[in-house]
Each structure stands twice: as C-alpha cells, then as structure tokens.
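Single-structure report; data block below.
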Amino acid sequence: AFRARHNATLGPDFLDERLEWEEECRSWGKQLDDPWLSWFGNDVASPLARGDRDGVLNALQQSSRFAEAMPGNRVSQFFGLLQQSGFALMEGRLDDASRLIAEVFEQGRDCVSWAEVAQLAYRFVEFWESGKIDLSARDLMPFLEGLIAGFDGDVMLGHSCIAVVRSFCDDRHAAIVAIDSVLETDFARHQRNDNWISAAYFLANAIERHGTEAHAETLSAALEPFAEQIVCQPSARWAAGSVASTQGLLSSVLGDFETGIAQFDEGIAREKALGAKPAVLRSKAGLACLLARRRAKGDHRRAQDLMDEVLTGCKGLGIDPRQKYIAPFERLLQK
C-alpha cells in the first residue's frame, strides 16, 4: 500500500506528497523494526529532485547501512550500488560510475525484474555525460528502442532520448520528426512525474539544437510548475540538472534572452549546491549559446569566457566537449 501511494503521486505537487509519504514510511519502519520499509523511506530520488545534497548524502548512508545489514540479499546490494552509481555520475566521477554500474547489474541481473531496463537507461546516461554522443547514434539506438518496448512507463523518455540523439548527430529532419512525435502523442498522455520531467529535459536539449519556437513554447509552459526542481531520472537514480536551466534552453530558442539568463543563473546556483558538476558545465554552455544568439554588447566576450570555463571543466572530468559543446557554439558564432 505504501509503494502504491508512492507511485500514485503525480502532477506539480508529486514531490511534496512523496516526501510526506517517505517520512511516514520511515516512521513505520522504525516502529515495526522493518528494514525494507525504512529503506523505501530513504530513496535518494526524492532529495535529488529537491536539490537537497544533505538529504542525498543521508539517503546514501542509510542505503549502505541497509545493504550491510542484509549481506546475503542481492536485491539490497543492487539498490545500494544503484544509488551510489547515480551519485557518481552526477558528480562527474565517470570512472567510478562505470565500475559501480558493472557491479549493479551483476547483482541485479537475476533478481530484479527491471534491471535490464535500468541498464539501458544507464548506458544512455553514460554516453550523455561523457560527451560521446556521436557513438550513441550508432550504438545506442537499438538499446533505446528496446527501452521503449520493454518498459511502457518510459515511452516518452525513450522517444525523447531518440530525439536528442538525432539532434546531436545533426540529422535535423529526423530530429524534428522525433520531437513532433513526442509532443503530439506521448507528451499529452504521459503522467506528470519524474519520468516525464527527465523526458522533457532531453526533449528540451533536442529542441535547443533543431526545434522550433512552437516546440519550445509548448514545453516551456508545461515545465513551469516544476521550475524549482532538479531533473531526476528515477531508473538510473541520476540528476541531470535543474529544471530552471532546462527552461533557459527553451527561452533561448524563443528569443526571450533576459528570462533565459535569469533561468540559467538560477539553475547553475541549484546545480552547484547539489554538487552536480557536469550539469553546471551543461548550463554554462547553454548560457554561452544564448549569448551567442543574442549578440548584444559584451555578449561575445562573456560567451567565450563561459566556454573556456566549460572546456577546462570537461578536461578535469574526462568529458569530450567537441560534439555537445564546441560544435554548436561555433555554429552559432558563424551565423
């Protein structure tokens, strides 16, 4: 019954409702001395979505204690490693994340029904964080199609990932077809939960490269109720960045530059507070592209300075910046 309530919390207030549910779950777990119930009340996804770093660290600590208390339980090991790997990705510790991910699916392969689907999500996220989007078009499209077929709740997410892969491979026609497909079908009927928000995040990145003002306007208005949250992909327990910065991408497409700058500034502050280093780099690159579009006095110098910060940060984290950051920025400068 508790789990059903967790999955039923939808819409703009879903996070507040879920946090209340988790507090109740922790209380019952303590009263009944039930470690599983206590663990359900310490899921890292909720503090991630709220941007609460202390809450994330506490959830990770509780998850580790839970796994230690049940050393022979592969399911508990799976969930503990799952949360650690998502946290490593969020912090930009890509080598640590790859090692942990391998352990995650070794533990969950035979005992968690959705482990294979989560592995597909992780594979895409790894490529997204590393910057090797050119490889993902060839290697990941079958996996994304498998994600859509295998887990109906992630249909919009899978389609949005396909749209962003198409856009970063500069297949403009295919990208627009994919964006239209999401907005005309999945978008309207999908439940407004953290899967929907993470799908909207990837869709916004596709729209920023090859979408239209109509695409951007539709998605931006739908994201407004979630503006203070962090984009959290629940299958991967991974924080992609802030909803505010996602809105900044869309404001850039709409030509609403002042609003976009404010959104990026807010988003970067939230991402820094969470410790999401790759997300900060993405937001700075998005802001640099916005300034390159606006072309007001001083914009060129500020945009170049931001891109210098992005490239330095990418080098430190082992991220390939060429296709995600350098190429789109240079194209805007040449227009």
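The values are calculated or read from the model by the stated rules, or taken from the named source; none is laboratory data. The model shown is predicted, which means the values in this text are computed figures rather than measured ones. So basically every Cβ, Gly included, is an ideal-geometry build from the backbone, and we count neighbours across all protein chains shown.
Numbers below:
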{"quantity": "Number of positions in the stretch 178-211 that are farther than 26 Å from S46 by Cβ and touching a residue at least 40 places away in the same chain (Cβ under 8 Å)", "calculated": "6"}
{"quantity": "Hits in the stretch 315-331 - residues which are among the charged types (D, E, K, R), assigned to a helix (DSSP H, G or I) and touching a helix residue (DSSP H, G or I) at 6+ places or on another chain (Cβ under 7 Å)", "calculated": "K324"}
{"quantity": "Residue tally, condition within 25 Å of the chain's Cα centre (by Cα), surrounded by 13 or more Cβ atoms within 10 Å (Cβ to Cβ) and of a type in the set (D, E, K, R), over the stretch 294-321", "calculated": "2"}
{"quantity": "Selection count, the stretch 156-206, where residues are surrounded by 19 or more Cβ atoms within 10 Å (Cβ to Cβ), at pLDDT 85 or above and farther than 27 Å from F329 by Cβ", "calculated": "1"}
{"quantity": "Those residues of the stretch 213-243 which are free of Cβ contacts under 8 Å to residues at least 24 places away in the same chain and farther than 23 Å from P47 by Cβ, in sequence order", "calculated": "A214, A221"}
{"quantity": "Some residue of the stretch 278-287 being under 21 Å from S98 (Cα atoms), among the hydroxyl-bearing types (S, T, Y) and either within 12 Å of the chain's Cα centre (by Cα) or assigned to a helix (DSSP H, G or I) (or both)", "calculated": "no"}
{"quantity": "Residues within the stretch 1-48 that are acidic (D, E), closer than 23 Å to W196 by Cβ and modelled with pLDDT of 70 or more, tallied", "calculated": "5"}
{"quantity": "Qualifying positions in the stretch 52-72 - among the polar types (S, T, N, Q) and in contact with a Gly (Cβ under 7 Å, 6 or more places away or on another chain)", "calculated": "S63, S64"}
{"quantity": "Positions within the stretch 207-259 being among the hydroxyl-bearing types (S, T, Y), over 14 Å from the mean Cα position of the chain (by Cα) and modelled with pLDDT under 95, in sequence order", "calculated": "T212, T218, S220"}
{"quantity": "Single residue of the stretch 52-74 satisfying the filter (without any contact (Cβ under 8 Å) to a residue 12 or more places away in the chain and polar (S, T, N, Q)) that is surrounded by the fewest Cβ atoms within 10 Å (Cβ to Cβ)", "calculated": "Q61"}
{"quantity": "Close pairs (6 angstrom Cβ cut-off, 6 or more residues apart or separate chains): farther than 20 Å from L281 by Cα and crowded, with 17+ Cβ neighbours inside 10 Å in the stretch 89-101, among the hydroxyl-bearing types (S, T, Y) and at pLDDT 85 or above anywhere", "calculated": "L100/S85; I101/S85"}
{"quantity": "Check on V104, in a helix (DSSP H, G or I), modelled with pLDDT of 75 or more and of a type in the set (V, I, T)", "calculated": "yes"}
